[in-house]
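The values are calculated or read from the model by the stated rules, or taken from the named source; none is laboratory data. This is a predicted model, so every value here is computed, not measured. Ideal geometry is used to build each Cβ from the backbone, glycine not excepted, and the neighbour counts take in all protein chains shown.
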Amino acid sequence: MSENWATSGVDLHLEQDTAAGRRAGLERALREAIRSGRLAPGSRLPSSRALAADLGISRGTVSAAFDQLVAEGFLTARQGSGTTVSALLRPRPAAAEAPPGVAAPRHDLRPGQPDVSLFPTAAWLRASRRALGNARPEVYGYGDPRGRIELRAAVGDYLGRARGVLAAPDQIVITSGYVQALALLSRVLGAAGTTAIAMEDPGLGFHREVVRRSGLAVLPLPVDDDGARAGDLPRIASGRAAAVVTAAHQFPTGATLHPGRRHALATWARGTGSLVIEDDYDGEFRYDRQPVGALQGMAPGHVAYVGSAAKTLGPGLRLAWLVLPGHLVGPVTEEKLHHDFHTGVTGQLALADLIASHAYDKHVRACRLRYRRRRDLLVARLAGPGRPWPGMAVRGIAAGLQALITLPPGGPGEGEVLARAAQHGLALQGLAPHWHEAGDHPQGIVVGFGTPSERAYPVALEVLARVLQAAGRDQPGPKRDTPIAFSSPI
């Protein structure tokens, strides 16, 4: 019985010019596909019977074309293995223009990413097998824009016991990362009449751009050693405004929001009817203090809580969660529906199982220990007796995956440190890009100790110490031995 074209195995798109005959046209089309790289070396071709049925030509014509290209060396045919593109043929890749001056660093201490080599592959595979093995067929259809109920229920339970968040499954919306959550909230707030959002200064510039692209103005909310200065909000955020804060661990300073400012922030939101967006940045990774509960637990009707698996598992999963006040669930769900309908289901189901089985907690605890050891190594090397120079301080180290190295007056500026680091193949990040506006701000280097692998981290840390030591040694004048306070004048 002849094979039906719909079940003939490998699909193969060929542009045939039959002016010189069907066989010649097929040979020419196959050569073009191989030379251009569309058919890579080792690619298996359909059987002659299947391809003939697909193209509407005789099997003998296809066999003759295959024989000719085997003779020319384009194809290889083996009994029982079918016909494949010759492995000896390597198409010349098109030259790609790399951005000038851009090269992969040998040592990467930039903040913002965890050590993705710690991803719990075995636990994730077990969770995926269980979740997908028990899944009903309908989970692969279009679903609830809020996300799978399995994940919303698991996240609600986890946040309640681990972060002090009051979260019923119906209040939770699963998103493709924190950025999407911030964009959804910004558009919903704008449609409801909000004109501006106060955001921490310094803070992540990309997040400010997300808000601006939603049509809202961004207002600088100063940060000091006690976190965002909530008392400034009545002055800077008059009218219809909202505020974004990183209460557990501020980026990039590492400050934790003071209890008094938490109360001030909640009081402001209740009194003005405003919304506080809580970015629970690195909330799971704390080292020297008791866990700090989420701000959302103090004012659940006025705080939208955003958490993510980006740091605990990996940003490539694109999984985050919004816990919303009741009046925002409908508008955010509608916005999500028209943005991307819903987030991919297989990752949601696997993460739900990982959380419900407590494998997620186990992984977070293991990562916390690893990152604490890295933090301790950084402090011992840069802030201990052998520190590169007096007056340099390592700050924001009680939690999170980054530290802020403040540079004292009379010492090297961050631009010089970054330039020296680049010469040694070391990628760092300065404090300057995180300010809302350029100006006379404190100088600093933001060091991420989560990015390198376990093996690469000690080497990168030693390169950093040598860079700082060399930069400090070459500076004329006295060096202060008192750390610069990251406080109210900022």
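Pairs are defined by a Cβ separation below 7 Å, a sequence spacing of at least 6 or placement on different chains, a first member in the range 429-447 that is outside the structural domain of Q402 (by TED's automatic domain parsing), and a second member that is modelled with pLDDT under 95; no pair meets this definition.
Among the residues of the range 127-135, at least one is outside any strand (DSSP E or B) and crowded, with 23+ Cβ neighbours inside 10 Å. Among residues that are assigned to a helix (DSSP H, G or I), touching a Ser or Thr at 6+ places or on another chain (Cβ under 8 Å) and β-branched (V, I, T), T346 is included. Taken over the range 49-91, the criterion of being touching a Lys or Arg at 6+ places or on another chain (Cβ under 6 Å), assigned to a helix (DSSP H, G or I) and under 22 Å from G37 (Cα atoms) is satisfied by A65 alone.
For the range 19-48, the set of residues classified as within 23 Å of L88 (Cβ to Cβ) and in a helix (DSSP H, G or I) consists of L26, E27, R28, A29, L30, R31, E32, A33, I34, R35, S48, listed by residue number.
Selection within the range 136-149: residues that are charged (D, E, K, R) and under 12 Å from V173 (Cα atoms). The member of this set that is surrounded by the fewest Cβ atoms within 10 Å (Cβ to Cβ) is D144. Among the residues that make up the range 163-176, is at least one of them part of a helix (DSSP H, G or I), touching a residue at least 24 places away in the same chain (Cβ under 8 Å) and either within 17 Å of the chain's Cα centre (by Cα) or buried (at least 21 other Cβ atoms within 10 Å of the Cβ) (or both)? Yes, the range 163-176 contains at least one residue that is part of a helix (DSSP H, G or I), touching a residue at least 24 places away in the same chain (Cβ under 8 Å) and either within 17 Å of the chain's Cα centre (by Cα) or buried (at least 21 other Cβ atoms within 10 Å of the Cβ) (or both). Looking at A243, A228, A196, A248, just one residue is modelled with pLDDT under 95 and among the aliphatic types (A, V, I, L, M), and that residue is A248.
Condition check ((1) farther than 27 Å from R148 by Cβ; (2) assigned by TED's automatic domain parsing to the domain that holds P222; (3) modelled with pLDDT of 95 or more; (4) buried (at least 19 other Cβ atoms within 10 Å of the Cβ)) across all residues:
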| site | (1), (2), (3), (4) |
| --- | --- |
| R261 | yes, yes, yes, yes |
| L275 | no, yes, yes, yes |
| R289 | yes, yes, no, no |
| G293 | no, yes, no, no |
| Y305 | no, yes, yes, yes |
| A309 | no, yes, yes, yes |
| G314 | no, yes, yes, yes |
| W321 | no, yes, yes, yes |
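Taking the criterion of being in contact with a His (Cβ under 9 Å, 6 or more places away or on another chain) and closer than 20 Å to H327 by Cα, the only residue of the range 185-218 that qualifies is R187.
Within the range 312-355, being of a type in the set (D, E) and under 16 Å from D170 (Cβ atoms) holds for one residue alone: E334. On the stretch given as the range 257-296, residues that are among the polar types (S, T, N, Q) and part of a helix (DSSP H, G or I) total 3.
Just to be sure, is R286 within 25 Å of L118 (Cβ to Cβ) and among the basic types (K, R)? Taking the combined requirement at face value, the residue satisfies it. When every residue of the range 323-341 is checked against the conditions, at least one turns out to be in the same structural domain as H207 (by TED's automatic domain parsing), under 27 Å from H258 (Cα atoms), surrounded by 15 or more Cβ atoms within 10 Å (Cβ to Cβ) and under 20 Å from the mean Cα position of the chain (by Cα). Of all the numbered requirements in (1) closer than 22 Å to W435 by Cα; (2) free of Cβ contacts under 8 Å to residues at least 12 places away in the same chain, T267 misses one, and that requirement is (1). Residues in the range 375-408 that are part of a helix (DSSP H, G or I) and surrounded by 18 or more Cβ atoms within 10 Å (Cβ to Cβ): R375, L378, R381, L382.
Quick one: is A352 among the hydrophobic types (A, V, I, L, M, F, W, C) and within 25 Å of R262 (Cα to Cα)? Answer is no for this residue.
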